[in-house]
1. Against the definition (in contact with a Gly (Cβ under 9 Å, 6 or more places away or on another chain), in contact (Cβ under 8 Å) with a residue 60 or more places away in the chain and surrounded by fewer than 19 Cβ atoms within 10 Å (Cβ to Cβ)), how does M1 come out, yes or no?
2. Of all residues being among the acidic types (D, E) and under 23 Å from G142 (Cα atoms) in segment 316-369, which is farthest from the chain's Cα centre (by Cα)? Just the residue, please.
3. When V25 is evaluated against the numbered criteria (1) within 16 Å of the ligand (Cβ to nearest atom); (2) outside any helix (DSSP H, G or I), which criterion, by number, is the only one it fails?
4. With part of a helix (DSSP H, G or I), assigned by TED's automatic domain parsing to the domain that holds L247 and within 16 Å of the ligand (Cβ to nearest atom) as the only criterion, which of A98, A76, A120 stands out?
5. Would you mind finding the one in L205, L192 that is away from the ligand (no atom under 16 Å from the Cβ) and open to solvent by less than 60 Å² (accessible area, probe 1.4 Å)?
6. I'd like the full set of residues that are closer than 19 Å to E316 by Cα, more than 11 Å from the ligand (Cβ to nearest atom) and crowded, with 24+ Cβ neighbours inside 10 Å, limited to segment 231-251.
7. Let me confirm something: among A373, A416, which residue is part of a helix (DSSP H, G or I), surrounded by fewer than 21 Cβ atoms within 10 Å (Cβ to Cβ), at negative phi and in the same structural domain as A30 (by TED's automatic domain parsing)?
8. N115: within 16 Å of the ligand (Cβ to nearest atom) and buried (at least 17 other Cβ atoms within 10 Å of the Cβ), yes or no?
Amino acid sequence: MIYKRSSALFKAAQQVIPGGVNSPVRAFTAVGGDPIFVEKAKGAYLYDADGNKLIDYINSWGPMILGHAYEPVVKAVVDKAKKGTSFGMPTEIETEIASLAVSMVPNIDKIRFVNSGTEACMSAVRLARGFTGKDKIIKFAGCYHGHSDSFLIQAGSGAVTFGTPNSPGVTQGTAKDTLLANYNDLNHVADLISENKGEIACIILEPVAGNMGCIPPSEGFLEGLRNLCNENDILLIFDEVMTGFRLAKGGVQERYGVDADIVTFGKVIGGGLPVGAFAARAEIMSYLAPEGPVYQAGTLSGNPLAMAAGLAMLTELNSKPEVFTSLEKKTEYLHNGIAEQLTQAEVTHTINRVGSMISVHFSETPVTDFKTAALANNDTFKKFFHGLLNEGIYIAPSAFETWFLTDALTYEDLDATIEACGKVAKTL
Ligand SMILES: *Cc1c(COP(=O)(O)O)cnc(C)c1O
């Protein structure tokens, strides 16, 4: 494949945009080479600036769960745009999407819309602190909750890919209120709680981790956190920005049957437009301004374009719950196919999968937390990435990222991907 025009566009971008990209994970820093510039996309395929067609396994990092340029979403956005794109005043569609989201997700009464997953998580933590009157939070190494200061402590994929899990610019004052635990390690969490008795407002986590590759919660982990929170007056925040409306209609809460106190959303909930949200039972949400004292606001929050895209997406998922089963079957098929090819070529690997999230780790050990994720062979991943790219398969340009399947993928696409993996495996 030829990437002449992409490379030229990247050079031009670097002159006026730091690193040539508006989000670091888009650069190919971890795998080498120039990033690919996209011209357009439809269904499961990307078409780049050089005219190459690629099968897409990132899907805008998750939102495009039904495929790119999905007709009902596009129509909803175009229709709305003609009537004005933002008013800074309430609109009826905000209530429509809020009601639908609340009906789909267990355990939430009210939801507030924002413009990104980062905003959702940052606001959720502020709300938890306001509600409990406590300052400290517990987060897990390798979990990503957006780029706000409190979270840039061992922050998973993006930050880890660039060797800066702890970003300069985050003050020690902020960092000291974020306690770091190991994923899937309940004892560690219990120790932190007893060392900081009465000071912890919330525990925030990706209940199925996706930012250190895909890492499922171990048996009893989520239940154990729920119990620790109950016993110590701590709020449990599920960051479902990645998993919400992807792993089930009701996300991880539904799939694993564990209740969170506050849930955050992003990605799928916006149908590809900039949307985030956080939700909880009424008692907690009533602490938010203008009802309560915890301040949170946004000029473009809940704007009609974003709400139209999100509402169209959630309406589709709500009326076609078979999508989740279909996605799961496709991902399992891909999992088995890739595993067979790698095994045949005698490439050491571990594949993790939950629902339509999957990650391939070139590792001898099971990958259960950040430490074990970091043990994988990055040189092998680089070769795998570029090999697949050459075969027209686009996966995330980092070993710490999950692949997100779209239901637009056909079994022919999956077979082509498996075949490409077989071909590349022989070169590893
Ligand atoms: C993507 C992501 C975020 C941040 O969302 P943005 O919209 O990029 O700000 C937060 N948490 C998780 C789990 C994510 O995957």
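1. Against the criterion (in contact with a Gly (Cβ under 9 Å, 6 or more places away or on another chain), in contact (Cβ under 8 Å) with a residue 60 or more places away in the chain and surrounded by fewer than 19 Cβ atoms within 10 Å (Cβ to Cβ)), M1 qualifies.
2. Filtering segment 316-369 down to residues among the acidic types (D, E) leaves 316, 322, 328, 332, 340, 346, 364, 369.
Cutting the leftovers down to under 23 Å from G142 (Cα atoms) gives us 364, 369.
Values: E364: 26, D369: 17 Å.
Filtering first and then ranking leaves E364.
3. (2)
4. After ruling out the rest, the residue left standing is A120.
5. Working: L205 fails: away from the ligand (no atom under 16 Å from the Cβ).
Checking each option against the conditions leaves just L192.
6. Once the filter is applied, which keeps residues that are closer than 19 Å to E316 by Cα, more than 11 Å from the ligand (Cβ to nearest atom) and crowded, with 24+ Cβ neighbours inside 10 Å, segment 231-251 yields F245, L247, G251.
7. Criteria check complete, one pass: A416.
8. Numbers: within 16 Å of the ligand (Cβ to nearest atom): yes; buried (at least 17 other Cβ atoms within 10 Å of the Cβ): yes.
So N115 passes the test.
The values are calculated or read from the model by the stated rules, or taken from the named source; none is laboratory data. Small disclaimer: the values here were computed from a predicted structure and weren't measured. Positions of Cβ are backbone-derived with ideal geometry, glycine not excepted, and every protein chain shown enters the neighbour counts. The protein model used for the area step is the full one, side chains on, heavy atoms only, and it has no ligands, DNA or RNA in it. Shrake-Rupley method; radii C 1.70, N 1.55, O 1.52, S 1.80 Å.
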